[in-house]
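Below is one structure, written out as structure tokens; comments come after it.
The values are calculated or read from the model by the stated rules, or taken from the named source; none is laboratory data. As the structure is a prediction and not an experimental result, all values here were calculated from the model. Quick reminder, even Gly has a Cβ in these numbers, built from the backbone with ideal geometry, and neighbours come from all protein chains shown.
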Amino acid sequence: MRTRSYLAYRFLSIIPVLLVLSFVIFGIIEAIPGDPAQIMLGQHATPEALEQMRHSLGLDRPWTVRYVLFLGRLARGDLGHSILSGRSVLSEIAEKVPATLELSLVALLLAGVLGVLAGFLSAWRQNSLFDYFAMFGSLVGVSIPIYWLGFMLIILFSLNLGWLPTGGRLAATIEFQPLTNFYLLDALLSGNREVLADAIRHLVMPAFCLATVPMAIIARMTRSSMLEVLNQDYIRTARAKGVRTGRLLFLHAFKNASIPVVTVIGLQFGYLMGGAILTETVFSWPGIGRWLLDGILGRDFPVIAGGTLFVAAAFIMVNLLVDLLYLFLDPRIRY
Amino acid sequence: MKAVRVLCVVLSLAVVLCVPALAAQSTFVFGRGADAVRLDPATITDNESINSCNQIFETLVRFSKDGKDIEPLLATSWEYDESALTWIFHLREGVVFHDGTPFNADAVLFSLMRQKDPSHPFAVANAAFWNSSFKQVQEISKIDDATVAVKLSEPYAPFLSLMANNLAMILSPEAMKRLGADGFNLAPVGTGPYRLEEWRKNDQVVFSAFDGYWGKKPLTKRVIIRSIPDNTARLMALLAGEIDGMDGITPDVIKILKEKKAGSIKMLSAPGLNVGFMAMNTKKKPFDNPLVRKAIAHAIDKERVIRETYQGMGSPAKGMLPPTLWGYNSSLEEDVYDPALAKKLLAEAGYPDGFETELWYMPVPRIYLPDCKLVAQIVQGDLAKVGIRAKLATYDWGTYVEKAMRWEHEMCFLGRTADYIDPDAFMHGPLVSGSIFNFSNWSDKEYDRLVDEARRTVDRESRIALYEEAQIRVKEQAPLLTVAHGNNMVLLKESVKGFYLHPTAQFWFHEVSIQE
């Protein structure tokens, strides 16, 4: 019962967070100069045309009025229409999220599996050659500029070896009608092996690129958390009573060490959802990060507001999920 | 580095498993920096949307390939009365839209009136676009199925040229009625050589040849315009053979290309209808003094600026008009680079020791100023030699333009690209009194008279005389320093034939073919 009311509390607390956030976003948008009417009309803009455009976009109203209208629409689940494309922000999000989600999930899987593995082994064989290598690798991982790494990968695997495509989600010439916009899923559903193979080929480099930073962070977190647990009394006791190493490491140590690791993975996923703008740009990935960036550059206020709120909501939801996962990982935790 | 080993295994598996998709030679793939925003031609101003619409839609008239003339397209001929107020267009017969419905006077009226008349059932949400180009249009009427008359409120010489613009593209009324404006925007129907096959947002637009096209059938069955935002990434895609051509060529791209020595890639380059300039705010001291502005014109080594920053992508601009455009005054004299003269002029103006000022450079590359920061740095150095201490500054692009339009700058770099081929595009907006694009905030009654009259005069010879005089006026008063006309450029695979670079930097792909 208490858990349930905690859940309700957590869900409800999302509302004030988003409210404050929307206010801050509107404030920032208001503070930055730049006029979407001008950006749209370009060099055709005459003062009258600009005035007309501002009026039809509702930009001639005070921002407080626009904010209240925005909230009113938001309450009805409407994020408004993009100034630039004229399409509903919600449908644009729905179109771009699958691309970002597909990339983020694959990257996170890569980062999670390899990161945990590296951290786990490093802790187990602390101060071994592997440990040094892995920790040095993770240092490189967090510090390497994605832009540079992306192009190095493209030069190596696309230009020199010719193994992988330079960017995009599918080869331009492949004819394919996506159903859910998750191309891997769509390819599996339609049983189209050519598309599946091509989609995987397009995913490899961006996913690896995107995975480097989370992978490094996860590896470091796993290692330190494991070391802490391995030094505790109950581990020594378990060892003393003859528990096998595998069982000891996985069941006794890793499960208890995993809470901070899960937290970090959740946080990283939140960041990835926010759009990996650099990776999406280098690899021409049509995801939410690039869409938001275009919105910001074009001063497309509904896109900026709607997109940011969506990302924030996703971030909060992931955090909530992580907190709930604790319940399963550590039975002592009760909310 | 377990990660790398595992990755290698994964990679090799993937490679073994996959059969790379073979690019069919009947498809032409073109890479560019951004995706189209909308495909309803009445609502667009960005180049990406216009270039996509160019494949799908047609206008009554079009620019010739060299940009010097206006040619028939959906209209076979046109005439105007003595006062140049009434224009009659005779429409091509036997033309059909992609949905099979016929092209006729009703379609022309529908396409134009939905922009002009706010009470039209399919009126565009925003009449600002139309009014910014066609506010002189008073009435559009159908004479018969194959004849349309347009009445202007005052003589307006650029009118015919503007009729070749995207706002004057003709769309299928039936499709609009069937799909509604939002639906049409995603599934546009025109009379062009290609019809829209698929539009994957932010990724690619796919066109396929329209079998019922009235003109010469397109040589390539499918055209794909792919958006690859990063310039370097786009070049990589071209080098890897994933795309057949690309635009958005910056000096960086040329540098990489030279280092790579890619023999299978060719570059097309032609003077474009654009100009990059440094505007001086003539309402602020000391730029209110023509002597100071003249001094600056003589202080800057323009040849060197172009040599060092354009990588062969531009030519020096003597004035606003590119030499390829009619009306260009070839007798215009370039301000010679002469620091001593500049100092003398400054002393005459009362600034023997120079002054301090601020110079804004554009944060984005444009054809006319592909590396503005570098240009600004050279100019800064040249100015310092005559005692003018200029501080460099910039803002993000949206902010930059807005601040410049409010004349907050002292000196700033900007430019102009013509989207209709007429000297008016260069001479009116950027220099006439009170225009928000008059970044020099210059007002000169004599100049205003010349360009206003040129706007009202239809006869080309008389217009040329007026523009030639106006150009001399600008040179004398130096409200801005014109830097260069940038070249329009594309990179193409050697195998691509029939691609032509239009002076407007717009693309039409129906003559492109790929030879193996």
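For residues that are in contact with a helix residue (DSSP H, G or I) (Cβ under 9 Å, 6 or more places away or on another chain), assigned to a loop (DSSP other than H, G, I, E, B) and either surrounded by 15 or more Cβ atoms within 10 Å (Cβ to Cβ) or outside the structural domain of B:Glu476 (by TED's automatic domain parsing) (or both), tally how many sit in the range B:300-330.
Result for the range B:300-330: 16.
Which one is nearest to the chain's Cα centre (by Cα) among residues in the range A:108-135 that are in a helix (DSSP H, G or I) and within 18 Å of A:His252 (Cα to Cα)? Break it down into steps so the answer makes sense when it comes.
Let us first name the residues in the range A:108-135 that are in a helix (DSSP H, G or I), namely A:108-124, A:129-135.
This time we only want the ones that are within 18 Å of A:His252 (Cα to Cα), so: A:116-117, A:119-124.
Details: A:Val116: 19, A:Leu117: 22, A:Gly119: 22, A:Phe120: 24, A:Leu121: 27, A:Ser122: 27, A:Ala123: 28, A:Trp124: 30 Å.
My answer is A:Val116.
Taking the conditions exactly as written (in contact with a Phe, Trp or Tyr (Cβ under 8 Å, 6 or more places away or on another chain) and buried (at least 16 other Cβ atoms within 10 Å of the Cβ)), does A:Phe254 satisfy them or not?
On the way: in contact with a Phe, Trp or Tyr (Cβ under 8 Å, 6 or more places away or on another chain): yes; buried (at least 16 other Cβ atoms within 10 Å of the Cβ): yes.
Criteria met by A:Phe254.
Quick check: is even one residue across the range B:157-166 closer than 30 Å to A:Gly150 by Cα and within 14 Å of chain A (Cβ to nearest Cβ)?
Within the range B:157-166, the first condition is being closer than 30 Å to A:Gly150 by Cα, and the residues that meet it are none.
Taking every residue of the range B:157-166 in turn, none turns out to be closer than 30 Å to A:Gly150 by Cα and within 14 Å of chain A (Cβ to nearest Cβ).
With the checklist (1) within 14 Å of chain A (Cβ to nearest Cβ); (2) closer than 27 Å to B:Lys283 by Cβ in hand, flag the one item B:Lys318 doesn't pass.
(1)
From the list B:Val124, B:Val148, B:Val137, which residue is touching a Ser or Thr at 6+ places or on another chain (Cβ under 8 Å), more than 26 Å from B:Tyr213 (Cβ to Cβ) and away from chain A (no Cβ under 13 Å)?
On the way: B:Val124 fails: away from chain A (no Cβ under 13 Å); B:Val148 fails: more than 26 Å from B:Tyr213 (Cβ to Cβ).
Just one listed residue meets the conditions, B:Val137.
Say whether the condition of being closer than 30 Å to B:Leu186 by Cα and in a loop (DSSP other than H, G, I, E, B) is met by at least one residue in the range A:96-107.
Initial filter on the range A:96-107 (closer than 30 Å to B:Leu186 by Cα): A:96-105.
Then drop every residue that is not in a loop (DSSP other than H, G, I, E, B), which leaves none.
No - not one qualifying residue is present in the range A:96-107.
Looking at the range A:307-328, can you tell me whether even one residue there is under 30 Å from A:Tyr67 (Cα atoms), assigned to a loop (DSSP other than H, G, I, E, B) and at pLDDT 85 or above? It would help to see each step written out before you state the result.
Kept after step one, since they are under 30 Å from A:Tyr67 (Cα atoms), are these residues of the range A:307-328: A:307-320.
Still in the running and assigned to a loop (DSSP other than H, G, I, E, B): none.
No: zero hits.
Filtering the range A:164-175 down to residues that are at the interface with chain B (Cβ under 7 Å from one of its Cβ atoms) and touching a residue at least 12 places away in the same chain (Cβ under 8 Å), which residue is farthest from the chain's Cα centre (by Cα)? Steps first, answer last, please.
Taking the range A:164-175 and keeping what is at the interface with chain B (Cβ under 7 Å from one of its Cβ atoms), we get A:165-169, A:171-174.
Right, trim to touching a residue at least 12 places away in the same chain (Cβ under 8 Å) and you get A:165-169, A:171, A:174.
Working: A:Pro165: 23, A:Thr166: 22, A:Gly167: 19, A:Gly168: 18, A:Arg169: 17, A:Ala171: 24, A:Ile174: 27 Å.
Within the range A:164-175, the match that is farthest from the chain's Cα centre (by Cα) is A:Ile174.
If the requirement is being outside any helix (DSSP H, G or I), crowded, with 24+ Cβ neighbours inside 10 Å and modelled with pLDDT under 85, which of these qualifies: A:Arg299, A:Arg332?
Numbers: A:Arg332 fails: crowded, with 24+ Cβ neighbours inside 10 Å.
From the options A:Arg299, A:Arg332, the qualifying one is A:Arg299.
Name, by its number, the condition in (1) in a strand (DSSP E or B); (2) at positive phi that does not hold for B:Phe207.
All conditions pass for B:Phe207, except number (2).
Just checking, does the range B:224-233 include any residue being more than 26 Å from B:Arg38 (Cβ to Cβ) and either assigned by TED's automatic domain parsing to the domain that holds B:Asp371 or in contact with a strand residue (DSSP E or B) (Cβ under 8 Å, 6 or more places away or on another chain) (or both)? Before you say what the answer is, go through the steps one by one.
So in the range B:224-233, the residues more than 26 Å from B:Arg38 (Cβ to Cβ) come out as B:232.
This time we only want the ones that are either assigned by TED's automatic domain parsing to the domain that holds B:Asp371 or in contact with a strand residue (DSSP E or B) (Cβ under 8 Å, 6 or more places away or on another chain) (or both), so: none.
Checked against the condition, which is being more than 26 Å from B:Arg38 (Cβ to Cβ) and either assigned by TED's automatic domain parsing to the domain that holds B:Asp371 or in contact with a strand residue (DSSP E or B) (Cβ under 8 Å, 6 or more places away or on another chain) (or both), the range B:224-233 yields no hits at all.
Being within 30 Å of B:Lys403 (Cα to Cα), in contact (Cβ under 8 Å) with a residue 60 or more places away in the chain, within 13 Å of chain B (Cβ to nearest Cβ) and not hydroxyl-bearing (Ser, Thr, Tyr) narrows it down to one of A:Gly58, A:Gly34, A:Gly86, so name that one. Please lay out each step first, then the result.
Values: A:Gly58 fails: in contact (Cβ under 8 Å) with a residue 60 or more places away in the chain; A:Gly86 fails: in contact (Cβ under 8 Å) with a residue 60 or more places away in the chain.
Answer to the selection: A:Gly34.
State which residue is farthest from the other protein chains (Cβ to nearest Cβ) when the search covers only the range A:14-27 and only residues that are surrounded by fewer than 12 Cβ atoms within 10 Å (Cβ to Cβ) and β-branched (Val, Ile, Thr).
Among those that are surrounded by fewer than 12 Cβ atoms within 10 Å (Cβ to Cβ) and β-branched (Val, Ile, Thr), it is A:Ile15.
Among the candidates A:Val303, A:Val322, single out the residue that is under 26 Å from A:Ala207 (Cα atoms), within 13 Å of chain B (Cβ to nearest Cβ) and in contact (Cβ under 8 Å) with a residue 24 or more places away in the chain. Give the steps one after another, and end with the answer.
On the way: A:Val322 fails: within 13 Å of chain B (Cβ to nearest Cβ).
Just one listed residue meets the conditions, A:Val303.
Determine whether B:Lys391 is farther than 18 Å from B:Lys302 by Cβ, touching a helix residue (DSSP H, G or I) at 6+ places or on another chain (Cβ under 9 Å), charged (D, E, K, R) and away from chain A (no Cβ under 14 Å). Please lay out each step first, then the result.
Details: farther than 18 Å from B:Lys302 by Cβ: yes; touching a helix residue (DSSP H, G or I) at 6+ places or on another chain (Cβ under 9 Å): yes; charged (D, E, K, R): yes; away from chain A (no Cβ under 14 Å): yes.
The answer is yes for B:Lys391.
Enumerate the helices (runs of 4 or more DSSP H) found wholly within the range B:395-494, keeping only those where 2 or more residues are within 14 Å of chain A (Cβ to nearest Cβ) and farther than 21 Å from B:Lys135 by Cβ.
Values: elements: B:397-405, B:424-427, B:445-456, B:460-477.
Because the criterion is at least 2 residues that are within 14 Å of chain A (Cβ to nearest Cβ) and farther than 21 Å from B:Lys135 by Cβ, the helices (runs of 4 or more DSSP H) in the range B:395-494 that meet it are B:397-405.
Determine whether the range B:60-74 contains at least one residue that is modelled with pLDDT of 95 or more and over 27 Å from B:Pro423 (Cβ atoms).
no
Quickly run through the range B:477-512 and pick out the residues that are surrounded by fewer than 16 Cβ atoms within 10 Å (Cβ to Cβ) and in contact (Cβ under 8 Å) with a residue 40 or more places away in the chain.
Of the range B:477-512, the ones surrounded by fewer than 16 Cβ atoms within 10 Å (Cβ to Cβ) are B:494-495, B:497-498, B:500, B:511.
Within the range B:477-512, B:Glu494, B:Ser495, B:Gly498, B:Tyr500, B:Glu511 meet the criteria.
Can you work out which of the residues in the range B:188-204 that are touching a helix residue (DSSP H, G or I) at 6+ places or on another chain (Cβ under 8 Å) and at pLDDT 95 or above is surrounded by the most Cβ atoms within 10 Å (Cβ to Cβ)? Explain how you work it out, then say what you get.
Quick first cut of the range B:188-204, residues touching a helix residue (DSSP H, G or I) at 6+ places or on another chain (Cβ under 8 Å) only: B:188-190, B:192-196, B:199, B:201-202.
Narrowing further to those that are at pLDDT 95 or above: B:188-190, B:192-196.
Details: B:Pro188: 26, B:Val189: 23, B:Gly190: 30, B:Gly192: 27, B:Pro193: 25, B:Tyr194: 26, B:Arg195: 22, B:Leu196: 22.
Taking the candidates together, the pick is B:Gly190.
Can you name every residue in the range B:62-75 that is surrounded by 14 or more Cβ atoms within 10 Å (Cβ to Cβ), more than 13 Å from B:Met169 (Cα to Cα) and out of contact with any helix residue (DSSP H, G or I) (no Cβ under 6 Å at 6 or more places or on another chain)? If you could, list the steps in order and put the result at the bottom.
Within the range B:62-75, the subset surrounded by 14 or more Cβ atoms within 10 Å (Cβ to Cβ) is B:62-63, B:65, B:67, B:70, B:72-75.
Narrowing the set further to residues that are more than 13 Å from B:Met169 (Cα to Cα) leaves B:63, B:65, B:67, B:70, B:72.
The answer is B:Phe63, B:Lys65, B:Gly67, B:Pro72.
Mind checking whether some residue in the range B:358-366 is out of contact with any Phe, Trp or Tyr (no Cβ under 7 Å at 6 or more places or on another chain), crowded, with 17+ Cβ neighbours inside 10 Å, at pLDDT 95 or above and away from chain A (no Cβ under 14 Å)? Lay out the reasoning, then the answer.
As a first pass, look at the range B:358-366 and keep what is out of contact with any Phe, Trp or Tyr (no Cβ under 7 Å at 6 or more places or on another chain): B:358-359, B:365-366.
Within this subset, residues satisfying the condition of being crowded, with 17+ Cβ neighbours inside 10 Å are B:359, B:365-366.
With the extra rule that they be at pLDDT 95 or above, the set shrinks to B:359.
Filter again for away from chain A (no Cβ under 14 Å), leaving B:359.
Within the range B:358-366 (the criterion being out of contact with any Phe, Trp or Tyr (no Cβ under 7 Å at 6 or more places or on another chain), crowded, with 17+ Cβ neighbours inside 10 Å, at pLDDT 95 or above and away from chain A (no Cβ under 14 Å)), the answer is yes, since at least one residue qualifies.
Filter the range A:159-203 for residues that are of a type in the set (Ser, Thr, Tyr) and surrounded by 22 or more Cβ atoms within 10 Å (Cβ to Cβ); which is nearest to B:Thr220 (Cα to Cα)?
Going residue by residue through the range A:159-203, those that are of a type in the set (Ser, Thr, Tyr) are A:166, A:173, A:180, A:183, A:190.
So of that shortlist, the ones also surrounded by 22 or more Cβ atoms within 10 Å (Cβ to Cβ) come out as A:166, A:183.
Details: A:Thr166: 24, A:Tyr183: 28 Å.
That would be A:Thr166.
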